[in-house]
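Here the structure is laid out as structure tokens; the discussion comes afterwards.
The values are calculated or read from the model by the stated rules, or taken from the named source; none is laboratory data. Note that the structure is predicted; figures quoted are calculated from it, not measured. Cβ placement follows ideal geometry from the backbone for every residue including glycine, while neighbour counts extend to all protein chains displayed.
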């Protein structure tokens, strides 16, 4: 009973801690989000451009561009940050907020219209990953055909609606999109809301990045489970051997006979396996300088092998033998000596 109660207590404690560590997710950083349905982690920070560069993108002085096709303008866009272009005058945007414009277009008169201010909070609609820009330039008045009226011909009035942009991100692992995403303009039903589709490999969900703390990946969960199993095996075995089998000392360890026999086998077998190799290498190091020195001092001696001779060892050995014989030997410092030549 004592063994079972301790085991159940350990299992409950470590299981609850493991579940808490895997279920608890940190607050996402800007431009990142967890999927509420699959739990996958999405990080769009590599799509953001900056003039000084980022950890993911090189420095750039030009934002992303998207063609308007049937719309009379093209679009300049950045993700989770303002555009890198310098803007001086934007329709309906105060000078203090121009630096936060994240998407804009120029009309035929070269007037700049903002279609959304900076926003780095991603969101999900079902399984769709979205990013929304709001508080752009004022929405235009439309004629009967739904086309914008010339602002110079329309009396100025207080506009309650402002332009906004909605990006829908789609996973695409095409090698052509490894650097920059593919941005497609889908339309603007009222010249006030602009909808884009963005295809990128960064739109594919994945596991939490290593820099995100407080979560465990599949390998971490497996390591926790293995650690719990080993701890229960060790503590439970010690309790059983001590209280039931009345063992003391090292014999309290579970399966002591198995581990002792394995240790004895390794301690007996290791010298017989590695000692010959060690002795052979030591003999090689001891006799190699003498062997090479003999080859230098006795040129008429014929050797039937090509043996590498370390230059420092050979030089010292030859110099020593020259001192003994009272002769001078000019050392050529070869890397290899061809011992097959006479």
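Pairing each residue of the range 18-46 that is outside the structural domain of residue 119 (by TED's automatic domain parsing) and in a helix (DSSP H, G or I) with any residue that is at pLDDT 90 or above and surrounded by fewer than 16 Cβ atoms within 10 Å (Cβ to Cβ), provided the two are 6+ apart or on different chains, yields C-beta distances under 8 Å for 18/225.
Taken over the range 228-264, the criterion of being on the phi > 0 side of the Ramachandran plot and in a helix (DSSP H, G or I) is satisfied by 249 alone. When we screen 127, 163, 213 for residues that are modelled with pLDDT under 90, assigned by TED's automatic domain parsing to the domain that holds residue 104 and on the phi < 0 side of the Ramachandran plot, the only hit is 127.
Quick test of your reading of the structure: residue 222 fulfils all but one of (1) part of a helix (DSSP H, G or I); (2) modelled with pLDDT under 90; (3) surrounded by 14 or more Cβ atoms within 10 Å (Cβ to Cβ). Name the failing condition by number. Among (1) part of a helix (DSSP H, G or I); (2) modelled with pLDDT under 90; (3) surrounded by 14 or more Cβ atoms within 10 Å (Cβ to Cβ), residue 222 violates only (3).
Restricting attention to the range 72-95, the residues that are farther than 22 Å from residue 59 by Cα and without any contact (Cβ under 8 Å) to a residue 24 or more places away in the chain total 3. Just the residues that are in contact (Cβ under 8 Å) with a residue 60 or more places away in the chain and either touching a strand residue (DSSP E or B) at 6+ places or on another chain (Cβ under 6 Å) or not in a loop (DSSP other than H, G, I, E, B) (or both), please, taken from the range 117-134. Once the filter is applied, which keeps residues that are in contact (Cβ under 8 Å) with a residue 60 or more places away in the chain and either touching a strand residue (DSSP E or B) at 6+ places or on another chain (Cβ under 6 Å) or not in a loop (DSSP other than H, G, I, E, B) (or both), the range 117-134 yields 122, 123, 124, 129, 131.
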